[in-house]
Amino acid sequence: MMRGADQLHSVVAVTFLLLASIAAAFDPSPLQDFCVSIDDPKLGVFVNGKFCKDPMQANADDFTFRGLNLPGNTSNPVGSNVTLVNVDRLKGLNTLGISLARIDYAPYGGLNPPHTHPRATEILVVVKGTLHVGFVTSNPPKLFTKTLHVGDVFVFPIGLIHFQLNVANSNAIAFAGLSSQNPGTITIVNAVFGSDPTINPDVLTKAFQVDKNLVDYLQKQFWTEN
């Protein structure tokens, strides 16, 4: 017959094994906004990520991207440009969980407007100029901001609204690493006022507590995608 201590050890061991098996049975992180299931795989066009090339057919070009030395065009209403190197532009990133971006900012006022990356944390380093950056937490919202100079690094946690503003009288450049091959970007003003089809104005009037005419005006604007 099993003694009390032995029984306890057995219960602990079994419990640990059950917990370990549950912990191992997790859903994979999404690599796009959604992935609708189908019954016939012949009709499928996407997997969660990208289809893989035969490793024997891979070559160095699959792991190479050229062009981040070139400045982006900041002649747009927000005065910034993001050059993103994700899995769509660098095929070798597939399944590696990382991507890279160069952000160019026009002199004083160049803005990478408030946005989120639903699938990635972002780490940003300033290589030229001075940036005012920040992010807002989930409710209750708290703002974290900092003025960054050349060589300074700042982290924007996954999914949180964040921004960068050039506060110097010269161009600014930053590079950002993101913890997904396809981080996704939701620019807040675009999503709220520029969606297709548009959000019912009554929803936005109530949410923002403003006059409906203002909502109508904002929904008619051309919002820059960055």
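So GLU122 fits all but one of (1) more than 18 Å from VAL82 (Cα to Cα); (2) within 19 Å of the chain's Cα centre (by Cα); (3) of a type in the set (Asp, Glu); what number is the exception?
Looking at each condition in turn, GLU122 falls short on (1).
Looking only at residues that are open to solvent by 30 Å² or more (accessible area, probe 1.4 Å) and of a type outside the set (Phe, Trp, Tyr) in the stretch 174-191, which one is nearest to the chain's Cα centre (by Cα)?
Of the residues in the stretch 174-191, the ones open to solvent by 30 Å² or more (accessible area, probe 1.4 Å) are 175, 179, 182, 185-186, 188-189, 191.
Within this subset, residues satisfying the condition of being of a type outside the set (Phe, Trp, Tyr) are 179, 182, 185-186, 188-189, 191.
Values: SER179: 8, ASN182: 8, THR185: 5, ILE186: 8, ILE188: 12, VAL189: 16, ALA191: 14 Å.
Among residues in the stretch 174-191 that are open to solvent by 30 Å² or more (accessible area, probe 1.4 Å) and of a type outside the set (Phe, Trp, Tyr), the one nearest to the chain's Cα centre (by Cα) is THR185.
Inspect all residues belonging to the stretch 143-151 and state whether any of them is open to solvent by 40 Å² or more (accessible area, probe 1.4 Å) and farther than 27 Å from GLY72 by Cα.
Checked the stretch 143-151: at least one residue is open to solvent by 40 Å² or more (accessible area, probe 1.4 Å) and farther than 27 Å from GLY72 by Cα.
Give me a count of the residues in the stretch 100-134 that are of a type outside the set (Val, Ile, Thr) and in a strand (DSSP E or B).
Residues of the stretch 100-134 that are of a type outside the set (Val, Ile, Thr), as a first pass: 100-102, 104-115, 117-120, 122, 124, 128-129, 131-132, 134.
Filter once more, so that each one left must be in a strand (DSSP E or B): 100-102, 104-105, 111-115, 122, 124, 128, 131-132, 134.
Summing the residues that are of a type outside the set (Val, Ile, Thr) and in a strand (DSSP E or B) in the stretch 100-134 gives 16.
Name the pairs: first residue in the stretch 168-188 and more than 15 Å from ASN226 (Cα to Cα), second residue surrounded by fewer than 19 Cβ atoms within 10 Å (Cβ to Cβ) and of a type in the set (Phe, Trp, Tyr), Cβ to Cβ under 6 Å, at least 6 apart or on different chains?
ASN169/TYR108
Check whether at least one residue in the stretch 202-219 is touching a residue at least 24 places away in the same chain (Cβ under 8 Å) and either over 16 Å from GLY79 (Cα atoms) or open to solvent by 70 Å² or more (accessible area, probe 1.4 Å) (or both), and report yes or no. Can you show your working first?
Going through the stretch 202-219, the residues touching a residue at least 24 places away in the same chain (Cβ under 8 Å) turn out to be 218-219.
Okay, now just the ones that are also either over 16 Å from GLY79 (Cα atoms) or open to solvent by 70 Å² or more (accessible area, probe 1.4 Å) (or both), so 218-219.
Yes.
So how many residues does the stretch 140-157 have that are under 17 Å from VAL126 (Cα atoms) and free of Cβ contacts under 8 Å to residues at least 12 places away in the same chain? Please lay out each step first, then the result.
Initially, the stretch 140-157 is screened for residues under 17 Å from VAL126 (Cα atoms), giving 145-156.
Now restrict to residues that are free of Cβ contacts under 8 Å to residues at least 12 places away in the same chain: none.
Qualifying residue count, the stretch 140-157: 0.
Report, by residue number, each residue of the stretch 164-173 that is open to solvent by 40 Å² or more (accessible area, probe 1.4 Å) and either among the acidic types (Asp, Glu) or in a strand (DSSP E or B) (or both).
Step one: list which residues in the stretch 164-173 are open to solvent by 40 Å² or more (accessible area, probe 1.4 Å), which gives 165, 167, 169-171.
Residue satisfying the conditions is LEU165 alone.
Inspect the stretch 78-95 for any residue being modelled with pLDDT of 95 or more, crowded, with 19+ Cβ neighbours inside 10 Å and farther than 27 Å from PHE222 by Cβ and give the result as yes or no.
no
Out of the residues in the stretch 96-123 meeting the condition of being β-branched (Val, Ile, Thr) and free of Cβ contacts under 8 Å to residues at least 60 places away in the same chain, tell me which one is most open to solvent (accessible area, probe 1.4 Å). If you could, list the steps in order and put the result at the bottom.
Start the filter on the stretch 96-123 by keeping residues that are β-branched (Val, Ile, Thr), which leaves 98, 103, 116, 121, 123.
Going one step further and asking which of them are free of Cβ contacts under 8 Å to residues at least 60 places away in the same chain, we end up with 121, 123.
Working: THR121: 50, ILE123: 84 Å².
Within the stretch 96-123, the match that is most open to solvent (accessible area, probe 1.4 Å) is ILE123.
The values are calculated or read from the model by the stated rules, or taken from the named source; none is laboratory data. Predicted model only: the values in this text are computed from it and were never measured. All Cβ positions, glycine included, derive from the backbone under ideal geometry; neighbour counts span all protein chains shown. Side chains included, ligands, DNA and RNA excluded: accessible areas come from the protein's heavy atoms. Shrake-Rupley method; radii C 1.70, N 1.55, O 1.52, S 1.80 Å.
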